[in-house]
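**Q** Structure incoming, see below.
The values are calculated or read from the model by the stated rules, or taken from the named source; none is laboratory data. Small disclaimer: the values here were computed from a predicted structure and weren't measured. Methodologically, a virtual Cβ is constructed for each residue, glycine included, from the backbone with ideal geometry; neighbour enumeration extends over all protein chains shown. Each accessible area value is taken on the protein alone, full model and side chains, heavy atoms only, with ligands, DNA and RNA left out. Shrake-Rupley method; radii C 1.70, N 1.55, O 1.52, S 1.80 Å.
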Amino acid sequence: MTDATTLDLSAYRLLVDERFDGDELARTRWLPHYLPHWSSRAASAARYEVSAGTLKLRIDADTPPWSPEFDGDVRVSHLQTGEFSGPLDSPVGQHRFRPGLVVREEQDEERLWLPHLGVIEARARAIRDPAAMVALWAIGFEDEPADSGEICVFEIFGDEIGDDGGLVGVGVKPQHDPRLELDFEKVKVAGDLTAFHDYAVEWLPDRLRFFIDGRLVKTVPQSIAYPVQLMLDVYELPTDAPRDTSSHPLVFEVAHVREYVRR
């Protein structure tokens, strides 16, 4: 296995090249709802556009909170590549982000695009707004409760972006997987994070290597042994100030998402 400090794809082949180059979302890969089992498909529906070769996930001034019962005033526009839930009124479902969650709308199981090992890469632009956060996570499908670990390819908070750079979160979060330890950090990245940058993880059997613009920024000496689904999203998070919609819509633009596997 390589220890190179730049991303070397010579040992890989491109398996999925999602370039958003049409005018419709590829529904064979993407479900345009955010964890609908903890809310509903109607309340969690993404607002988005596919045009001019990019995906544009959007939060508008009139976007309502996706799950006031469980997540307060958080607003989100999100795509995911799988879905699993237990029965109505059960606590069984993906991404159990807080105690007390209960399935409010039972969902059919969907296994659309579930990578396992290889390289996951995205080209995207962050949003410089104090309430915004954009991210690409890879989470366990969670049909087995312990298979819930998260690979954070990137997450960027708008209030952590400056004129000459900002912070990008990368690493591993165990969620409810007892086999994993938290190994996550925010790395300083120079340049304009609201411009397009490349974010990638090389997912090996024994470790994870995180890259920004092809440069190694973090290595995690542990790995995840089960398939994951992709979670691509823009959030509007509550702040201490009253909600300000003067800068809306908040638009998260993504040029591509790719999966490479070993040759």
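**Q** So is Ala132 surrounded by 20 or more Cβ atoms within 10 Å (Cβ to Cβ) and either touching a Pro at 6+ places or on another chain (Cβ under 6 Å) or under 24 Å from Glu24 (Cα atoms) (or both) or not?
**A** Taking the combined requirement at face value, the residue does not satisfy it.
**Q** Would it be correct to say that Asp244 is open to solvent by less than 10 Å² (accessible area, probe 1.4 Å) and part of a loop (DSSP other than H, G, I, E, B)?
**A** Against the criterion (open to solvent by less than 10 Å² (accessible area, probe 1.4 Å) and part of a loop (DSSP other than H, G, I, E, B)), Asp244 does not qualify.
**Q** For the subset of the stretch 247-263 comprising residues that are more than 17 Å from Ala61 (Cα to Cα) and not hydrophobic (A, V, I, L, M, F, W, C), which member is surrounded by the fewest Cβ atoms within 10 Å (Cβ to Cβ)?
**A** Arg263
**Q** Between residues in the stretch 207-226 that are farther than 25 Å from Phe141 by Cβ and residues that are in a strand (DSSP E or B) and open to solvent by 30 Å² or more (accessible area, probe 1.4 Å), which pairs lie under 8 Å by C-beta distance while being six or more apart or on different chains?
**A** Here the result reads Ile212/Asp198; Asp213/Asp198; Gly214/Thr6; Gly214/Asp198; Arg215/Thr6; Leu216/Thr6, each pair linking the stretch 207-226 to a residue that is in a strand (DSSP E or B) and open to solvent by 30 Å² or more (accessible area, probe 1.4 Å).
**Q** Of all residues in the stretch 138-155, which are of a type outside the set (Val, Ile, Thr) and open to solvent by less than 20 Å² (accessible area, probe 1.4 Å)?
**A** Matches in the stretch 138-155: Ala138, Gly140, Phe141, Glu142, Ser148, Gly149, Glu150, Cys152, Phe154, Glu155.
**Q** Another one. Looking for something at pLDDT 95 or above, of a type in the set (Gly, Ala, Ser) and under 14 Å from the mean Cα position of the chain (by Cα) - is there at least one such residue anywhere in the stretch 166-184?
**A** Yes, the stretch 166-184 contains at least one residue that is at pLDDT 95 or above, of a type in the set (Gly, Ala, Ser) and under 14 Å from the mean Cα position of the chain (by Cα).
**Q** Now for a separate question. Would you check which residues across the stretch 156-183 are surrounded by fewer than 18 Cβ atoms within 10 Å (Cβ to Cβ), more than 28 Å from Ala241 (Cα to Cα), touching a residue at least 12 places away in the same chain (Cβ under 8 Å) and not acidic (Asp, Glu) and list them?
**A** Within the stretch 156-183, His176, Pro178, Arg179 meet the criteria.
**Q** Check Val76, Val50 and return the single one that is open to solvent by less than 20 Å² (accessible area, probe 1.4 Å) and either under 22 Å from Val228 (Cα atoms) or not in a strand (DSSP E or B) (or both).
**A** Only one candidate passes the filter, namely Val76.
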